[in-house]
Amino acid sequence: MKHLLKLLDLTQEEIVSLLDLADRLKAENKAGIPHPILKGKTLGMIFEKSSTRTRVSFETGMFQLGGQALFLSSRDLQIGRGEPVQDTARVLSRYLDGIMIRTFAQQEVEDLARYGSIPIINGLTDFCHPCQVLADLQTVREHKGTLDVNMCYIGDGNNMANSLIVGFLKVGARVSIACPENYQPDAQVLEFAKAYPGKFFMTDKPMEAAKDADVIFTDVWTSMGQEEERAAREKAFEGYQVNAQLLSVAHEGCMVQHCLPAHRGEEITEEVFEAHADEIFDEAENRLHAQKAVLVACMQDVQE
């Protein structure tokens, strides 16, 4: 695998292979078995959006794989002062063995891959969040023993919704989502979902989407860069909270997942969050293991 730009680029087999590798690396980590697979390799981490989980998990992951990670904020790079992305890609390709970027525009990630000569990993864009959803898939498979599940997403049709739809449909799950009319997923993703007749359902009624769900996902109503829309979004998402009433129509033992950070009392109640905290923090932990699998899949090929 050369890059991880978006889950739309991966086959079902590639996704499952990454999950299997993530499980192996996690098991070795828990057993204290070192795996310096990327010894001597350097990952550059470009952050144009701030992060807790993305930075710490990638930096720790590279250390555990025997390599090192460099934190590169947009304030420290010429790309933040107007240097063309194609020039940054060419320069960093001379120094590094891979780049992880967390930014706004998907096109910036695509351009880094186009003009650079090293693996590019999408740590998040406004369009998608592939690393998070690989961790989500790993967590659901751990808890349920299968990905043949009814997955439900409640909330904003944002980057998380886009990647959850693509990732879960590709591995054979059934997907239902509930979003307000003006906050639906990207048109490209909805077009992709048409290839899965009978497996994708979209509504503006959360209770309909949550019926018979095996796992329910949600995310914040107002993401980074949308702060000026907060009041309008809070009004639009009234009734889209993951709460006890919503879970009452799901299957018994339904999981709840949240990519974090959570705004308790908005998209999810304190009661539901705490009841499912173990699952949610397993999901957060699996960012480390899933991303290590991505790093190995992309950067080990460079080594060889």
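Just so you know, all these numbers are worked out from the coordinates, no wet-lab data involved. Quick caveat: nothing in here was measured; it's all calculated off a predicted structure. For neighbour counting, all protein chains shown are included, and Cβ atoms are generated from backbone atoms with ideal geometry for every residue, glycine included.
Dividing the mean sequence gap of close Cα pairs (under 8 Å, 6+ apart) by how many residues the chain holds gives a relative contact order of 22 percent. Axis of helix 277-303 versus longest Cα principal axis of the chain: the two differ by about 30°, to the nearest ten degrees. Estimated purely from DSSP H runs of n ≥ 4, each contributing -39500 (n - 2.57), the mean residue ellipticity at 222 nm for the chain is -13500 deg cm²/dmol once divided by its residues. Exposed loop sites are taken as trypsin sites (Lys or Arg not before Pro) in a DSSP loop (any state but H, G, I, E or B) with at most 13 other beta carbon atoms within 10 Å; the longest stretch of the chain without one runs 76-193.
Inverting the pair-averaged 1/r between distinct Cα atoms of the chain gives 19.6 Å as its Kirkwood hydrodynamic radius. For the stretch 131-284, the relative contact order works out to 24 percent when only alpha carbon pairs closer than 8 Å and six or more residues apart are counted. Using R0 = 41 Å, the C-beta based FRET efficiency linking Ile33 and Glu13 works out to 0.95. Residue pairs exceeding 25 angstrom between C-alpha atoms, taken from Lys30/Lys292; Lys49/Lys292; Lys6/Lys235; Lys144/Lys292: Lys6/Lys235.
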